[in-house]
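Below you'll find the structure, written out as structure tokens, and then a few comments.
Bear in mind these aren't lab numbers, they're just calculated from the coordinates by the rules spelled out. Not measured: the values here are computed from a predicted model. Positions of Cβ are generated from backbone atoms using ideal geometry, with glycine treated the same way; all protein chains shown enter the neighbour counts.
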Amino acid sequence: MELVALGTVVIMFLSWSVVGVRLMLLKDGGFLEFALGGSLFAVAGLGYPLTVLMQAIPGLPSGGRLALQIAAVSLINGGLFGIFLFTWRVFRRDATWAKALVAVGGLALLAQGMASVWDGASTRDIAGSFARWHALSIALCGVAFGWTGIESLHYRSLLKRRASLGLADPVVLNRMTLWAALGCLIALVSAVDCTLIWTAGDNPFVIDVVLIVVNAVSGTADSVLVLLAFMPPQWYLRRIRGSASAGTVAGES
């Protein structure tokens, strides 16, 4: 099971890092592309691998383990806050409730990070403190990606109506569909993870098998979705445009 978990981390590290760096380095990109790319890279490219490293290195001094915990929590929570900001700026920039949600999400991420680090520093149980606060981190991840998934679904419905009239790029419509699927999948799996963590107790089968399998499957699916959304191969783009053209011809006839 450890190899399965490690393999999933490697897959997500490679896919999310490549996509994140590519978005940050876009020549014609702006703040939103940089923020989204930085968020993806911070969460899966740096943050999660550091959590694995923190627990995998044998004999690591408590000070070094605490430093890795601080770095990992800062990167993950900072990246999740970037997802909140991205969703607000893209979909609900003028909505007061959206600004409030970003503020509450940011404060919750800050509180979770500080509590996790303080717990580890005061008890010297770094791995234990991370595990104790991990469920809250997962829940906040679900909220951040769930919000962007729901907003993307709404915007996708608008694009689909325009695309049926030939007024929207089918590739953009597909990218919105994939991003919505990614956000909703992460939110769903986050809810499952939190439920299992809060109800499993000390059941080793749930912690060491069920959670790893669920996250291995979902993590691989997340990687495929993010690659197809932001770095689609040419054959995939041809298929999307071909399907759209066939649908338009069929509609006209």
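Relative to the dominant Cα principal axis of the chain, helix 96-123 is inclined by about 30°. Normalised radius of gyration (Cα atoms, divided by 2.2 N^0.38 Å) for the chain: 1.09. Rounded to the nearest 10 degrees, the angle from helix 170-200 to the longest Cα principal axis of the chain is 30 degrees.
Using only Cα atoms, tell me the angle between helix 126-164 and the longest principal axis of the chain; keep it within 0 to 90° and round to the nearest 10. Once rounded, the angle reads 0 degrees.
Within 15 Å, Cβ to Cβ, of Arg93, how many net charges do the neighbouring residues add up to if Lys/Arg are +1 and Asp/Glu are -1?
Working: positive: Arg89, Arg92, Lys99; negative: Asp94, Glu151.
So the environment of Arg93 carries a net charge of +1.
Residues of the chain were split at every exposed loop site, defined as trypsin sites (Lys or Arg not before Pro) in a DSSP loop with at most 14 other C-beta atoms within 10 angstrom, and the longest piece left, sites excluded, is 125-253.
Positive contributions from Lys and Arg (+1) and negative ones from Asp and Glu (-1), summed over other residues with Cβ under 13 Å from the Cβ of Leu36, come out at +2.
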